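K.L.:
Quick one: this structure, given as structure tokens, is what I'll be asking you about.
The values are calculated or read from the model by the stated rules, or taken from the named source; none is laboratory data. On a predicted model such as this, the values are computed, not experimentally measured, just so you know. Every residue, glycine as well, gets a Cβ built from its backbone with ideal geometry; the counts of neighbours run over all protein chains shown.
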């Protein structure tokens with residue numbers, strides 16, 4: 001049976017959160033380098049258009065690399081994802097889908113992140129990573145300061 005990437009139950013890694021900021025604000029945290037760096041990584045090269053570069057240097061040793069596949073502001077961002085030099089998840093080997101929808105008040109956002117095509121041994125590590133970074137995204141998008149990112153989750 002073929003997997004349906006739109007079906008959350010088929011997601012390998014999934015994170016759903018509420019953010020007290022409108023979708024337009026949250027969307028920009030996935031597309032603007034200076035905003036990306038508030039919650040993830042130490043350097044970012046982002047070209048938010050289909051086929052554009054998605055490159056985030058997470059720390060001195062790890063670089064996430066992929067391409068933007070879909071941009072539908074302020075509702076959806078999809079990009080391929082992998083690690084430079086990564087044997088288990090090489091660049092563009094997996095896919096991350098971000099879906100943003102306004103909450104009932106119209107002032108907040110329901111964010112759903114689904115990460116597909118991860119090999120079994122990598123799922124737990126990526127779940128931990130997304131749990132950590134999406135927590136930082138919530139703080140930043142709500143106008144707070146998640147503090148500087150330090151390797152090993154500190």
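K.L.:
Among the residues of the stretch 54-70, write down those that are more than 18 Å from residue 35 (Cα to Cα) and either part of a loop (DSSP other than H, G, I, E, B) or in contact with a helix residue (DSSP H, G or I) (Cβ under 6 Å, 6 or more places away or on another chain) (or both).
P.N.:
60, 61, 62
K.L.:
Something else: Give the stretch 41-53 a look and list any residue that's under 17 Å from residue 134 (Cα atoms) and assigned to a strand (DSSP E or B), or say none.
P.N.:
Applying the first criterion (under 17 Å from residue 134 (Cα atoms)) to the stretch 41-53 yields 41-42, 44.
Within the stretch 41-53, just 44 meets the criteria.
K.L.:
Moving on to the next point. Does the stretch 29-60 hold any residues that are over 15 Å from the mean Cα position of the chain (by Cα), without any contact (Cβ under 8 Å) to a residue 24 or more places away in the chain and more than 25 Å from residue 19 (Cα to Cα), and which are they?
P.N.:
Scanning the stretch 29-60 gives 50, 51, 52.
K.L.:
Let me ask something else about it. Looking only at the stretch 1-40, which residues are in a loop (DSSP other than H, G, I, E, B), at pLDDT below 95 and in contact with a strand residue (DSSP E or B) (Cβ under 7 Å, 6 or more places away or on another chain)?
P.N.:
Just the residues of the stretch 1-40 that are in a loop (DSSP other than H, G, I, E, B), to begin with: 1-7, 11-12, 20-22, 29-32, 40.
From what's left, at pLDDT below 95: 1-7, 11-12.
5, 11, 12 - these are the residues of the stretch 1-40 that are in a loop (DSSP other than H, G, I, E, B), at pLDDT below 95 and in contact with a strand residue (DSSP E or B) (Cβ under 7 Å, 6 or more places away or on another chain).
K.L.:
Next up: Residue by residue through the stretch 98-116, note down the ones that are in contact with a strand residue (DSSP E or B) (Cβ under 8 Å, 6 or more places away or on another chain) and over 19 Å from residue 131 (Cα atoms).
P.N.:
Restricting attention to the stretch 98-116, the residues satisfying the condition of being in contact with a strand residue (DSSP E or B) (Cβ under 8 Å, 6 or more places away or on another chain) are 98-103, 108-116.
Hits for the stretch 98-116 are 101, 102, 103, 108.
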